[in-house]
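What follows is a short report on a single structure.
The values are calculated or read from the model by the stated rules, or taken from the named source; none is laboratory data. Keep in mind that what you see is a predicted model, and the values were worked out from it rather than measured. As a convention, Cβ positions derive from the backbone with ideal geometry for all residues, glycine included, and neighbour counts pool all protein chains shown.
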Amino acid sequence: MQQPKIGKGVIIGCNVQFGVNVVIWNYVVIGDNSIIGDGTTVGSFVDIGKNVTIGKNCNIQAHVTISNGCLIGDNVFIAPNSSLLNDKYPKSSLLTSPIVKDDVVIGGGVTVLPNVVLGEGSVIGGGSVVATNVAPGKVLKGVPAKEAMTKEEYEARREAFIKAKHDKR
């Protein structure tokens, strides 16, 4: 097992496993028994709870909170100031941590509530609050998050934006 590149002020719990080419920036807390997959980058001031699994090639940006027991698939992008929450009220003994499937994009300032599954390839717009499961390939935004467009429309808009930005140069 290769040691990750670790910034200053990082706190790592017991039995944490790192894949190869993992980068952990400054002032990150990683709880006991968590797993961070190959090629994943974790930005500064991220709080990763206990028993969290983060897949391969993920990009977790700054100021993200990932609660105990969350499962995050491969190739997931989580923008700054987002939270994956597991604290249900009233209290429950059932596991309530969100599950993020492969290839999901979570915009900045998103809150994912307990018991939510974000389906493979879904996209969550910035500032959204996700209270219900998201089907694979859906694009949601808003409070509460609702379907905004198809994945095809999202990709077309994204490509047009990139092209317009490139053409300005």
If you take the residues in the stretch 127-169 that are modelled with pLDDT under 95 and of a type in the set (S, T, Y), which one is surrounded by the most Cβ atoms within 10 Å (Cβ to Cβ)? Y154
Return the pairs, sorted by first residue and then second, in which the second residue is outside any loop (DSSP other than H, G, I, E, B) and crowded, with 18+ Cβ neighbours inside 10 Å, the first residue lies in the stretch 75-95 and is in contact (Cβ under 8 Å) with a residue 24 or more places away in the chain and among the β-branched types (V, I, T), the beta carbons are less than 6 Å apart, and the residues are 6+ apart or on different chains. V76/V100; I78/I60; I78/I106
Being over 17 Å from F77 (Cβ atoms) and touching a residue at least 12 places away in the same chain (Cβ under 8 Å) narrows A148, A160, A156 down to just A148
Of the residues S97, S93, which is surrounded by 19 or more Cβ atoms within 10 Å (Cβ to Cβ) and part of a loop (DSSP other than H, G, I, E, B)? S97
Has the stretch 1-18 got at least one residue that is more than 11 Å from the chain's Cα centre (by Cα), assigned to a strand (DSSP E or B), of a type in the set (K, R) and surrounded by fewer than 22 Cβ atoms within 10 Å (Cβ to Cβ)? yes
